[in-house]
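What follows is a set of notes on a single structure, which appears directly below.
The values are calculated or read from the model by the stated rules, or taken from the named source; none is laboratory data. None of these values were measured; they are calculated from a predicted model. So basically every Cβ, Gly included, is an ideal-geometry build from the backbone, and we count neighbours across all protein chains shown. Just the protein is used for accessible areas: all its heavy atoms, side chains included, with ligands, DNA and RNA removed. Shrake-Rupley method; radii C 1.70, N 1.55, O 1.52, S 1.80 Å.
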Amino acid sequence: MATVMFRDVRKAFGQVEVLHGVSVDIEEGQFVVLVGPSGCGKSTLLRMLAGLEHITAGEIVIGDRVVNTLPPKDRDIAMVFQNYALYPHITVAENMGFSLMLKGAAKTDIEAKVRPAAEILGLTHLLDRYPRQLSGGQRQRVAMGRAIVRNPQVFLFDEPLSNLDAKLRVSMRSEIKNLHQRLKTTTVYVTHDQIEAMTMADKIVVMHDGIVEQVGEPLELYDRPANLFVAGFIGSPAMNMTPGRLNDDDPGVFVTGQGQRISVANVGAAKPGRDLICGIRPEAIHLRGDVALRVKVVEPTGSETHVVADLDGNEMTCVFRERIKAGPGDELKVSIDPEAIHLFDAEGGQRLSA
Amino acid sequence: MQARPARSSSILGWLLESRNGLGLLFMLPAAVFLLCFLTYPLGLGVWLGFTDARIGREGIFIGLENYIWLFDDPVFWLSVFNTMLYTVVASVLKFALGLWLALILNQHLPFKTFFRAIILLPWVVPTVLSALAFWWIYDSQFSIISYVLMNLGVINEPINFLGDPTNARASVIAANVWRGIPFVAISLLAGLQTIPQSLNEAAALDGATSWQRFTKITLPLLTPIIAVVMTFSVLFTFTDFQLIYVLTRGGPVNATHLMATLSFQRAIPGGQLGEGAAIAVAMIPFLLAAILFSFFGLQRRKWQQGGGD
Ligand SMILES: Nc1ncnc2c1ncn2[C@@H]1O[C@H](COP(=O)(O)OP(=O)(O)OP(=O)(O)O)[C@@H](O)[C@H]1O
Ligand SMILES: [Mg+2]
């Protein structure tokens, strides 16, 4: 177990800079998820931490060592790759004990470490198989087993669940989470799936185009997104965005382009006369009220009803607990919880609500 | 089904309806082709080995006489020894150097494609042409190697490359290695590129040194390709003819005669068709051994079996 620190880390491939100064502190035993859209540099950052990519500028610190020039084998890090990277020519047991074998450990010692790891992961009956003879989920577990046996300072996961079907993904998610609670090893987990991030992380790092947009606990990001990007990225269905301004006479009211009025409890630094974006979570919209929406699509899921509606030409997704009878083209009167409204600067995208 | 009257139609029916019958039918053209163009010459060669045929004279069957004669012929045994030496040394060198080159070419190099193209050169040049070039390089008076070494002051007189038995053997082996390396290197490079980069990365994180990564990951994963490549390489080397014939014609004092060159020499310039054929037939057991070896080498290993991805 160790702390990990990124200090203004930059990465350039040739002339192209893909990471523009990333600084993140990870505490001992924390489960940190790096999340962001495809191509934002998550894998690159993770591979730099593992020592598989050269660090162009900045510093990476593991424990109390700056590891910039340390080769991967000396960093005491275990990584689970997206394609698992199991050694195809040796058995599951040999895969899991590979690192110990390299160190020249005795056969009985290797066995003594592989067994318990295999038991934790339910792999005991598969130890003599070759990777080709396993299902995707089993391979994934073997890859984790290989990491566990190492008992490393830090676990790295690069989108380990993206090759699994939806159901298996959910169960592996909780399995990884359980494993972390049991081993308490510092973990850095990369995903582009914000639900995975929200459900697993102690701390989420949202990345976009090579910069860190926001770092925080899952609910903190959900409740107080620092900018439009995070607001739109975290949460499913995504936050609704409506442009407009605060009312000149009554700054507690947000007025959309076509004059719909929405009360805002928490205005923060927003001032009348400035172009704003009003962010509304789908579940902050309730039936009955004085904001008029034009229904476009109704999607009952059973427990909830999702309604996609039109507010002044902007699409609004609403999630209602009630079942409703409305159909496309109907007018729906709703109220919007004033406490749950986020105001952003239309220009920079920064959060203005306190 | 039970009331099928004519027998002939049932055979035709079987041919057209059953899987095996149809398969047989479809294989027929290929089988005929193989029979005519592969088996006939081979059969003729084997037959000639049992006759005393000469050029321009049909032979008569003389049983194993040719072979008994060869058994007591020191030149034949010398050629067997030469062939073994040539094949073993050249194949080992080709493998070692080819693997080394492939490993280098698999790294991130500047001008990578350029080097890969260069490597192929010895292979695309016609053998006779490269043999002629080597003939010039190994010339007893005008050899460029001797010239350079003499100018550097390493030696005082030109090296007698092809005149001395030991030198001649080393020289033809060197030429064969030069010519055979591209095939080995490029094939192994293709093999190396099928090994996912992430396996090496995973091994590096698992604490493997680069030597351990080579011996524990790269080499085992490359064995299937190595088996194919080296089988072909051994077969090519064992049956080599052109290089030797242009460079030394088997000399000096038969020191570089291979079984293939000796067979040709006895059969065509020497006119003893039967004896030449017998020498060629004597190569078959060695080639069969090589093929058997590769058959077991090529069998799918246990880790390659089972479900795909
Ligand atoms: N070896 C490389 N050479 C040049 N550019 C690269 C290289 N590897 C990555 N990049 C670029 O760096 C950026 C970040 O890539 P990275 O693989 O880190 O993305 P990611 O966030 O992991 O995306 P994904 O979710 O799709 O895996 C991308 O724009 C990519 O094109
Ligand atoms: Mg990635």
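The table below lists the values:
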{"read-out": "Any chance A:D128 is more than 19 Å from A:F81 (Cβ to Cβ), away from ligand 1 (no atom under 16 Å from the Cβ), open to solvent by 50 Å² or more (accessible area, probe 1.4 Å) and touching a strand residue (DSSP E or B) at 6+ places or on another chain (Cβ under 8 Å)", "value": "no"}
{"read-out": "Yes/no for A:M207 being away from chain B (no Cβ under 14 Å), away from ligand 2 (no atom under 16 Å from the Cβ) and of a type in the set (A, V, I, L, M)", "value": "no"}
{"read-out": "Check on A:V149, open to solvent by less than 50 Å² (accessible area, probe 1.4 Å) and either outside any helix (DSSP H, G or I) or at pLDDT 90 or above (or both)", "value": "yes"}
{"read-out": "Identity of the residue in segment A:310-354, at pLDDT 90 or above and β-branched (V, I, T), that ends up farthest from A:H208 (Cα to Cα)", "value": "A:V334"}
{"read-out": "Subset tally (residues that are of a type in the set (A, V, I, L, M, F, W, C), more than 8 Å from chain B (Cβ to nearest Cβ) and within 25 Å of A:K11 (Cα to Cα)) for segment A:55-103", "value": "9"}
{"read-out": "Any hit, segment A:35-48, residues being within 15 Å of ligand 1 (Cβ to nearest atom), at the interface with chain B (Cβ under 9 Å from one of its Cβ atoms) and out of contact with any Ser or Thr (no Cβ under 9 Å at 6 or more places or on another chain)", "value": "yes"}
{"read-out": "Unmet criterion (only one of (1) out of contact with any His (no Cβ under 6 Å at 6 or more places or on another chain); (2) in a helix (DSSP H, G or I); (3) small (G, A, S)) for B:S79", "value": "(1)"}
{"read-out": "Test: residue in segment A:182-203 that is in contact with a Ser or Thr (Cβ under 6 Å, 6 or more places away or on another chain) and more than 16 Å from ligand 1 (Cβ to nearest atom)", "value": "no"}
{"read-out": "Among residues of segment A:153-163, those that are more than 14 Å from B:A202 (Cα to Cα) and either away from ligand 1 (no atom under 16 Å from the Cβ) or open to solvent by 10 Å² or more (accessible area, probe 1.4 Å) (or both), counted", "value": "5"}
{"read-out": "Conditions (1) open to solvent by less than 50 Å² (accessible area, probe 1.4 Å); (2) not in a helix (DSSP H, G or I); number of the one not met by B:V154", "value": "(1)"}
{"read-out": "Candidate set from segment B:261-281 (those that are open to solvent by 20 Å² or more (accessible area, probe 1.4 Å), part of a helix (DSSP H, G or I) and not aromatic (F, W, Y)); member that is farthest from B:V88 (Cα to Cα)", "value": "B:L273"}
{"read-out": "Hits in segment A:315-336 (condition: open to solvent by 40 Å² or more (accessible area, probe 1.4 Å), assigned to a strand (DSSP E or B) and more than 17 Å from A:D290 (Cα to Cα))", "value": "A:E315"}
{"read-out": "Any hit, segment A:215-228, residues being under 29 Å from A:G63 (Cβ atoms) and either within 16 Å of ligand 2 (Cβ to nearest atom) or of a type in the set (S, T, N, Q) (or both)", "value": "no"}
{"read-out": "Positions within segment A:133-176 being within 11 Å of chain B (Cβ to nearest Cβ), in contact (Cβ under 8 Å) with a residue 24 or more places away in the chain and over 17 Å from A:I77 (Cβ atoms), in sequence order", "value": "A:L134, A:G136, A:R139, A:N163"}
{"read-out": "All positions within segment A:242-280 that are in a loop (DSSP other than H, G, I, E, B) and of a type in the set (K, R)", "value": "A:K271, A:R274"}
{"read-out": "Spans of helices (runs of 4 or more DSSP H) in segment B:168-258 with at least 3 residues within 14 Å of chain A (Cβ to nearest Cβ) and surrounded by 22 or more Cβ atoms within 10 Å (Cβ to Cβ)", "value": "B:197-205"}
{"read-out": "Options B:R179, B:R213: the member that is at pLDDT 90 or above and touching a helix residue (DSSP H, G or I) at 6+ places or on another chain (Cβ under 6 Å)", "value": "B:R213"}
{"read-out": "Some residue of segment B:284-302 being open to solvent by 60 Å² or more (accessible area, probe 1.4 Å), polar (S, T, N, Q) and either farther than 30 Å from B:G56 by Cβ or more than 14 Å from chain A (Cβ to nearest Cβ) (or both)", "value": "yes"}
{"read-out": "Residues satisfying the stated conditions in segment A:18-64, i.e. of a type in the set (D, E), more than 13 Å from ligand 2 (Cβ to nearest atom) and in contact with a Lys or Arg (Cβ under 6 Å, 6 or more places away or on another chain)", "value": "A:E59"}
